[in-house]
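Input: a single structure, listed below in structure tokens.
The values are calculated or read from the model by the stated rules, or taken from the named source; none is laboratory data. In this text, all values refer to a predicted model and were calculated from it rather than measured experimentally. Every residue, glycine among them, receives a Cβ derived from its backbone with ideal geometry; neighbour counts consider all protein chains shown.
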Amino acid sequence: MAVRLAASLLFAAAQAALAVEPELSAVGAAVATGSDLLETSIVAEKLEPPARPGQGAARFVPATRLAAGDEVHYTLRVTNPGKEPVTDVQVTKRMPQGLQFIPGSAMGPASLVEFSADGGTTFTPRPKGGEFTHVRWSLRRPLPPGATALLRFRATFR
């Protein structure tokens, strides 16, 4: 009972933070909730072509400088640092300013992906129109101890 109450309070605090915390970079933050503590990290990269055409392969580099039309590849890592499986895992990521989500690009292991157009208050599996504020993944299976789930999506810089 105490764990559920603590998880509910943590979830409420996370939802409040999503509503007011400003986005400081193209990476931003993600909020992960579940039946126990979770650790999150985010990597934002772009695919850089070789310096000379035909020499070498394209490579992923940190998306620190973006030009209009650049495609950003996001990877969210959600890790269970505990000794017990974490159930009811939900990870919410606010869309960074100036980036347009690429439809169909959000994925994660055994997860339901939903979208919010109202600042993270309500979520739906199919966003209406192209604009929304948040992406949320709900893992359908518990996250085992020491395991990491990789959640991904892509967006285009406007």
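Just give me the residues in the range 44-75 being in contact (Cβ under 8 Å) with a residue 60 or more places away in the chain and either in contact with a Leu (Cβ under 7 Å, 6 or more places away or on another chain) or on the phi < 0 side of the Ramachandran plot (or both), in sequence order.
Once the filter is applied, which keeps residues that are in contact (Cβ under 8 Å) with a residue 60 or more places away in the chain and either in contact with a Leu (Cβ under 7 Å, 6 or more places away or on another chain) or on the phi < 0 side of the Ramachandran plot (or both), the range 44-75 yields Leu66, Ala67, Ala68, Asp70, Glu71, Val72, His73, Tyr74, Thr75.
At pLDDT below 95, surrounded by 11 or more Cβ atoms within 10 Å (Cβ to Cβ) and in a strand (DSSP E or B), is that true of Thr121?
No: the conditions fail for Thr121.
In the range 38-90, how many are over 30 Å from Leu143 (Cα atoms) and of a type in the set (S, T, N, Q)?
Matching residues across the range 38-90 total 2.
Name the residues in the range 16-51 that are surrounded by fewer than 16 Cβ atoms within 10 Å (Cβ to Cβ), at pLDDT below 85 and of a type in the set (Val, Ile, Thr), would you?
If the condition is that a residue be surrounded by fewer than 16 Cβ atoms within 10 Å (Cβ to Cβ), at pLDDT below 85 and of a type in the set (Val, Ile, Thr), then Val20 is the only one that fits.
Only one residue in Gln97, Gln55 is closer than 26 Å to Pro127 by Cα, out of contact with any strand residue (DSSP E or B) (no Cβ under 9 Å at 6 or more places or on another chain), surrounded by fewer than 17 Cβ atoms within 10 Å (Cβ to Cβ) and not charged (D, E, K, R), so which one is that?
Gln97 is the lone residue from the list that is closer than 26 Å to Pro127 by Cα, out of contact with any strand residue (DSSP E or B) (no Cβ under 9 Å at 6 or more places or on another chain), surrounded by fewer than 17 Cβ atoms within 10 Å (Cβ to Cβ) and not charged (D, E, K, R).
Does Ala110 satisfy being small (Gly, Ala, Ser) and surrounded by 13 or more Cβ atoms within 10 Å (Cβ to Cβ)?
Answer is no for this residue.
Working carefully through the options Leu76, Leu112, find the one that is under 14 Å from the mean Cα position of the chain (by Cα), in a strand (DSSP E or B), aliphatic (A, V, I, L, M) and closer than 19 Å to Lys46 by Cα.
Only one candidate qualifies: Leu76.
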